[in-house]
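**Q** Following this message is one structure expressed as C-alpha cells.
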C-alpha cells in the first residue's frame with residue numbers, strides 16, 4: 001500500500017496481455033466478435049459480418065443503419081423472434097443488454113459494452129434480450145444492424161420499455 005494521505009481504490013485487472021476483457025460477463029446466446037481494421041495507404045476496410053464466422057446459423061434478411069446524434073438514446077427494446085447483429089461503423093456507442101427471459105440460465109444478468117470504429121465489435125443479440133444503445137462523445141454515431149428477419153411493417157416484432165424502466169437495474173447517464 002502506498003504511503004499517501006488519501007486513500008484510493010486500486011484498479012482491478014480489466015484486460016489480459018492480448019487486450020481482451022477479463023471481467024466480461026455474458027448473457028446466454030449473446031456473441032461478441034472482435035474485428036480487425038485492415039489499413040491501406042489512404043483507407044481502412046472493416047468487415048462487418050461473415051457467415052464463416054459461425055456466430056449463428058440465422059439468415060441475413062435486412063441490413064439497415066441508425067444515425068445517432070451525440071447523447072442520443074434508444075432504449076429499451078427487444079424482439080420476440082428477431083436476432084440483431086449490431087456494429088458501430090462510426091463514432092462510439094454504449095450497448096446495454098438485459099436478460100429478462102424466464103427460461104434463460106442468465107436471467108437477470110446485465111452487460112454493458114462499448115463499441116466504436118477504433119476497436120470494432122459485432123454483437124449478436126438474441127430474441128428476448130432487452131437492449132439499449134446510446135451515442136457516446138461529441139460525434140454522431142452510425143450503427144449498422146444485420147437482422148435475420150426483415151422489419152414487418154404491418155406487424156413489427158418490436159417491443160419497448162421506457163429508458164428508466166424500474167424493472168431493469170440500469171440507468172443511462
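The values are calculated or read from the model by the stated rules, or taken from the named source; none is laboratory data. Keep in mind it's a predicted model, so treat the numbers as computed, not measured. Don't worry about glycine lacking a Cβ; one is built from the backbone with ideal geometry, like all the others, and counts go over all protein chains shown.
**Q** Select from the range 27-42 the residues that are assigned to a loop (DSSP other than H, G, I, E, B) and over 24 Å from residue 136 (Cα atoms) and list them in ascending order. I'd like the intermediate steps shown before the answer.
**A** Taking the range 27-42 and keeping what is assigned to a loop (DSSP other than H, G, I, E, B), we get 27-30, 35-36, 40-42.
Scanning the range 27-42 gives 28, 29, 40, 41, 42.
**Q** Let me ask something else. Scan the range 75-95 for residues that are within 16 Å of the chain's Cα centre (by Cα) and outside any strand (DSSP E or B) and report the count.
**A** Residues flagged as within 16 Å of the chain's Cα centre (by Cα) and outside any strand (DSSP E or B) within the range 75-95 amount to 4.
**Q** Regarding residue 33, is this residue at pLDDT below 95, closer than 15 Å to residue 125 by Cβ and surrounded by 14 or more Cβ atoms within 10 Å (Cβ to Cβ)?
**A** So residue 33 fits the description; yes.
**Q** Then there's this: I need the full set of residues from the range 107-135 which are over 14 Å from residue 86 (Cβ atoms) and assigned to a strand (DSSP E or B), in order please.
**A** 110
**Q** Hey, another quick one. Is there a residue in the range 52-73 that is free of Cβ contacts under 8 Å to residues at least 40 places away in the same chain and buried (at least 16 other Cβ atoms within 10 Å of the Cβ)?
**A** The answer is no; no qualifying residue exists.
**Q** Shifting gears a bit: Could you list all residues from the range 7-26 that are in a loop (DSSP other than H, G, I, E, B), touching a strand residue (DSSP E or B) at 6+ places or on another chain (Cβ under 7 Å) and either within 21 Å of residue 149 (Cα to Cα) or without any contact (Cβ under 8 Å) to a residue 12 or more places away in the chain (or both)?
**A** In the first step, residues of the range 7-26 are kept if they are in a loop (DSSP other than H, G, I, E, B); the result is 7-14, 16-20, 22-26.
In the following step, the residues that additionally are touching a strand residue (DSSP E or B) at 6+ places or on another chain (Cβ under 7 Å) were identified as 14, 22, 25-26.
Within the range 7-26, 14, 22 meet the criteria.
**Q** Scan the range 58-74 and give yes if some residue there is in contact with a helix residue (DSSP H, G or I) (Cβ under 9 Å, 6 or more places away or on another chain), part of a loop (DSSP other than H, G, I, E, B) and either within 26 Å of residue 96 (Cβ to Cβ) or modelled with pLDDT under 95 (or both), otherwise no. Walk me through how you get there before you give the answer.
**A** Our first condition is that a residue be in contact with a helix residue (DSSP H, G or I) (Cβ under 9 Å, 6 or more places away or on another chain); within the range 58-74, this holds for 60.
If we keep only those that are part of a loop (DSSP other than H, G, I, E, B) too, we end up with 60.
Next, only the ones that are either within 26 Å of residue 96 (Cβ to Cβ) or modelled with pLDDT under 95 (or both) stay: 60.
Yes, the range 58-74 contains at least one residue that is in contact with a helix residue (DSSP H, G or I) (Cβ under 9 Å, 6 or more places away or on another chain), part of a loop (DSSP other than H, G, I, E, B) and either within 26 Å of residue 96 (Cβ to Cβ) or modelled with pLDDT under 95 (or both).
**Q** Of all residues in the range 96-106 being in contact with a strand residue (DSSP E or B) (Cβ under 8 Å, 6 or more places away or on another chain) and outside any strand (DSSP E or B), which is nearest to residue 166 (Cα to Cα)?
**A** Per the criteria, the residue is 100.
**Q** Based on this model, can you work out whether residue 80 counts as under 17 Å from residue 126 (Cβ atoms), touching a strand residue (DSSP E or B) at 6+ places or on another chain (Cβ under 8 Å) and either modelled with pLDDT under 95 or surrounded by fewer than 16 Cβ atoms within 10 Å (Cβ to Cβ) (or both)?
**A** Spelling it out, residue 80 is indeed under 17 Å from residue 126 (Cβ atoms), touching a strand residue (DSSP E or B) at 6+ places or on another chain (Cβ under 8 Å) and either modelled with pLDDT under 95 or surrounded by fewer than 16 Cβ atoms within 10 Å (Cβ to Cβ) (or both).
**Q** For residue 150, work out the one condition from (1) crowded, with 17+ Cβ neighbours inside 10 Å; (2) in contact with a strand residue (DSSP E or B) (Cβ under 6 Å, 6 or more places away or on another chain); (3) assigned to a loop (DSSP other than H, G, I, E, B) it doesn't fulfil.
**A** (1)
Matching residues to (1) closer than 22 Å to residue 54 by Cβ; (2) surrounded by 14 or more Cβ atoms within 10 Å (Cβ to Cβ); (3) in contact (Cβ under 8 Å) with a residue 40 or more places away in the chain; (4) more than 11 Å from the chain's Cα centre (by Cα):
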| residue | (1), (2), (3), (4) |
| --- | --- |
| 97 | yes, yes, yes, no |
| 102 | no, no, no, yes |
| 108 | no, no, no, yes |
| 113 | yes, yes, yes, no |
| 117 | no, yes, yes, yes |
| 133 | no, yes, yes, no |
| 141 | no, yes, yes, yes |
| 158 | no, no, yes, yes |
| 169 | no, no, yes, yes |
